[in-house]
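Undergrad: Before anything else, here's the structure in question.
The values are calculated or read from the model by the stated rules, or taken from the named source; none is laboratory data. Keep in mind that this is a model prediction, so the values were computed, not measured. Cβ placement follows ideal geometry from the backbone for every residue including glycine, while neighbour counts extend to all protein chains displayed. These area figures cover heavy atoms from the full protein model, side chains too; ligands, DNA and RNA do not enter into them. Shrake-Rupley method; radii C 1.70, N 1.55, O 1.52, S 1.80 Å.
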Amino acid sequence: MPFEGFAVPVDGIEYRAFLLGFFPVHSRNSLSPRLVLYPAHLAIKVIGTSQYEYTALRQVGYRPERFLSRAKIELRCQDGARYYLTLGSAAVERDLLQFFRNRGLPLTAAAAQVLDAPGGTG
């Protein structure tokens, strides 16, 4: 991986968390979302840019495509934040899930199934 990072093609990012543990916060960016993977951390832009070390990711999930909803990769962070990534293609989804698996991050059963399915990269 290049030191300057690798930008993942993202069509949209949703952010959800609870402010002070009680008040729900929700943001969405489909105009200028950004996900950049670095050797030791990732940077993700919804409204502002946040950085997380990979160890700060608690779990990586997958939500399959549904009626009126595209497939999403879910990043659950130790601080309670959740990011839902809408990516450009199924191949990019598989590559990103494989990247997280290779880093030793826990995948949900649905995320692991994407990689273990015929045509997956796992």
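Undergrad: Taking the range 89-100, which residues are more than 12 Å from Y54 (Cβ to Cβ) and assigned to a helix (DSSP H, G or I)?
TA: Matches in the range 89-100: A90, A91, V92, E93, R94, D95, L96, L97, Q98.
Undergrad: Starting from residues that are open to solvent by 60 Å² or more (accessible area, probe 1.4 Å) and modelled with pLDDT under 85, keep the ones in the range 104-120 and report whichever is farthest from S89 (Cα to Cα).
TA: P118
Undergrad: Can you pull out the strands (runs of 3 or more DSSP E) entirely within the range 1-83 that have at least 2 residues that are surrounded by fewer than 14 Cβ atoms within 10 Å (Cβ to Cβ)?
TA: Counting at least 2 such residues, we get 6-8, 10-19, 23-29, 49-53.
Undergrad: So how many residues does the range 1-46 have that are touching a Ser or Thr at 6+ places or on another chain (Cβ under 6 Å) and either modelled with pLDDT under 95 or of a type outside the set (A, V, I, L, M, F, W, C) (or both)?
TA: 4
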